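For reference, the structure is listed below as structure tokens.
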């Protein structure tokens, strides 16, 4: 093991041994090397004559660039676009994102958590967490209503054992008891990773105040039982809250609640700020010890250096520019209001009596999506029929569930969308009835 990694582990052990127990074998070996980047950073501060350290080209004291590229980016200083971004991301962006987190998550007041580290969007942040905390066979606990990419990130890449619990209980509310029991069942393993995604993809649900409090209490009880727990908050759709849900991340409430609980926040500008192609995300750790936070950051940066080296600089600059603009909040609120109106319109449409015979729908109050639960036809058959017959695209999940992204359908077109889904179901049922009649 590298000496730097050993020193990081020793510092974590001295501050909170439970965090060291949560690290994967790879996580224990990770460190940020004192190599080219460290030497270049030192030179950037002290080399007043020549700085011949890092692999970029310059001319006349500025990064070299092609005019054919810069003509579309002329409003930006070349130094904010063309050089490598630091492995942890632009320091100004990290600072302003942290300030944003504090402003939008009141429960973070007085809590100890690190500076957000810039990732290549949220998927990359999840992958960093998987590398740091998952050994083959470690249980990943998540609801059965989940984003399919978790299987690739944690299951295929890190060989985690995915253990799910029903997202909703029999009353149609969040199944906190099922989560608690599933976690307690992992006690003999000693550690588990709990992955919570709110607003949820695919259902579009975020817990209300009572459910959020119950989740925190359950996690505290699990920790008291002796289970070490990493809780990953996948906040991809953060801020898109429409009704009676909590208005902050569970990360804020879980930070620092118990020495055995390590809260980690995964978020980003990607969906929050409608810049999907920019690929700017963040990973943030919460721990009461600044020494532990520094060690975890160093290990995360070791993954950065060993995979992408650093994230794209231009998109970080674009996001930073937006966050610094006095118009940012107003413009973002306007876009969120547009999606909220679409969500409300969907609920109005779903109240139609004729729809009750062919589907139920799962509770939703936030995010981009909602899910139909089909009563009489197969979800994949319906998906294909809608695509071929009506040119309508939806996502089939299992045998009964259809995910509808109302975020990408104009409000005045939602009525037609659900009418076509209803018509598609009627088509399939008619075909089934004909088949049965022919067999008789």
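The number of residues in the range 389-440 that are in contact with a strand residue (DSSP E or B) (Cβ under 8 Å, 6 or more places away or on another chain), under 24 Å from residue 274 (Cβ atoms) and either in contact (Cβ under 8 Å) with a residue 40 or more places away in the chain or crowded, with 19+ Cβ neighbours inside 10 Å (or both) comes to 7.
Applying the set (1) out of contact with any helix residue (DSSP H, G or I) (no Cβ under 6 Å at 6 or more places or on another chain); (2) at pLDDT 95 or above; (3) farther than 24 Å from residue 197 by Cα to residue 327 leaves exactly one unmet item: (2). The numbered conditions (1) more than 22 Å from residue 268 (Cα to Cα); (2) at pLDDT 95 or above are all true for residue 60 except (2). When 200, 151 are checked against the criterion of being under 26 Å from residue 406 (Cα atoms), free of Cβ contacts under 8 Å to residues at least 24 places away in the same chain and under 19 Å from the mean Cα position of the chain (by Cα), a single residue qualifies: 151.
Listed by position, the strands (runs of 3 or more DSSP E) inside the range 79-185 whose residues that are touching a helix residue (DSSP H, G or I) at 6+ places or on another chain (Cβ under 9 Å), in the same structural domain as residue 298 (by TED's automatic domain parsing) and buried (at least 21 other Cβ atoms within 10 Å of the Cβ) number at least 2 are 117-119, 139-143.
For the range 19-57, a residue qualifies if it is crowded, with 17+ Cβ neighbours inside 10 Å and either at pLDDT 80 or above or part of a loop (DSSP other than H, G, I, E, B) (or both), and the qualifying residues are 19, 20, 22, 23, 24, 26, 27, 28, 30, 31, 32.
The values are calculated or read from the model by the stated rules, or taken from the named source; none is laboratory data. In this text the structure is predicted, and so the values were computed from the model without any measurement. Neighbour counts are summed over all protein chains in view; Cβ atoms, including those assigned to glycine, are modelled from backbone coordinates with ideal geometry.
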